[in-house]
Amino acid sequence: MQASRRSYRYVGPEDVRAAVGPDDGGAVIRTAADFANWATAQTAGDLAEPFTFVVGTDGVLRLAPRRSEHIACAGEDRVLSAGEMSFRGDGGRRRVDEVSNQSTGYCPDTTSWASVAEALDRAGLDHPDSFTHEVIFRRCPGCQERSIVREGHFVCVFCDSDLPARWNLDHRVL
């Protein structure tokens, strides 16, 4: 059963949101059969690259081609997590090889891993124990820009203000 989790609203550029079409949602992956059907429809070249993913507020994994926007993959809804995910063959079946929370549109906290793991478990997909590449997002209190913390350096690259230690991208968090 899905525990109560923070959901994330889209905080990226409005022109990206405006470009989302009604049929842009990601492929819904609820079960191992859903994943197998989806993977069969992908080319070998596609499967060699990471995919855009979101976990919707319903706890369900959605996948889209890598260059897709997360907000399109999510059907413009809030998410429990978002990022990129790659797969590799493992004993005749695919498993999650790498997974990150890299989504500059939703900027999910690293704590969103629990929702990703639950969605992958539900879909019967083996996976790592955590994000293989964690991205730390913060909103600068000085200039209000979305920032990525690099190498533990909590300083805004736009205005040199100190960034907060805690996730703060959406003050209207539910």
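The values are calculated or read from the model by the stated rules, or taken from the named source; none is laboratory data. No experiment lies behind these values; they were computed from the predicted model shown. Cβ: placed from backbone, ideal geometry, glycine included. Neighbour counts: every protein chain shown. Just the protein is used for accessible areas: all its heavy atoms, side chains included, with ligands, DNA and RNA removed. Shrake-Rupley method; radii C 1.70, N 1.55, O 1.52, S 1.80 Å.
Rounded to whole numbers, the Karplus 3J(HN,Hα) couplings from phi for region 160-165 are 6, 6, 5, 9, x, 6 Hz, using 6.51 cos²θ - 1.76 cosθ + 1.60 with θ = phi - 60°, and x at Gly and Pro.
Surface composition of region 26-158: carbon plus sulfur atoms contribute 46% of the solvent-accessible area (1.4 Å probe, protein chains only, all chains present). Dividing the helix sum by the residues of the chain, where each DSSP H run of 4 or more adds -39500 (n - 2.57), gives a mean residue ellipticity at 222 nm of -4500 deg cm²/dmol. Springs join every pair of Cα atoms under 10 Å in this Gaussian network model of the chain, and among ALA19, ALA72, ALA117 the largest mean-square fluctuation is at ALA19. 3J(HN,Hα) along region 103-113, derived from phi through the Karplus expression 6.51 cos²θ - 1.76 cosθ + 1.60 where θ = phi - 60°, amounts to 9, 7, x, 9, 6, x, 6, 5, 5, 6, 3 Hz, with x in place of Gly and Pro. When cysteine pairs in the chain are screened for C-beta atoms closer than 4.7 angstrom, the residues that find no partner are CYS73, CYS107. Note on region 95-123 and region 16-39: Cα centroid distance 15 Å, given to the nearest whole angstrom.
The phi-based Karplus calculation (6.51 cos²θ - 1.76 cosθ + 1.60; θ = phi - 60°) puts the 3J(HN,Hα) values of region 118-128 at 4, 5, 5, 4, 4, 7, x, 9, 5, 7, x Hz, whole numbers, x for Gly and Pro.
Measuring only protein heavy atoms, the 1.4 Å probe finds LEU125 accessible over about 10 Å². Highest mean packing comes first when the peptides 22-29, 151-158 are listed by Cβ atoms within 10 Å, giving 22-29, 151-158. Computed with a 1.4 Å probe over protein heavy atoms only, the accessible surface of the chain comes to 52 Å² per residue.
Here's how it looks for VAL135: its modeled amide H is under 5 Å from those of ASN101, which are all 5 or more places away or on a different chain. Taking THR40, THR52, THR104 as the candidate residues, the one with maximal mean-square fluctuation in a Gaussian network model of the chain, Cα springs under 10 Å, is THR40.
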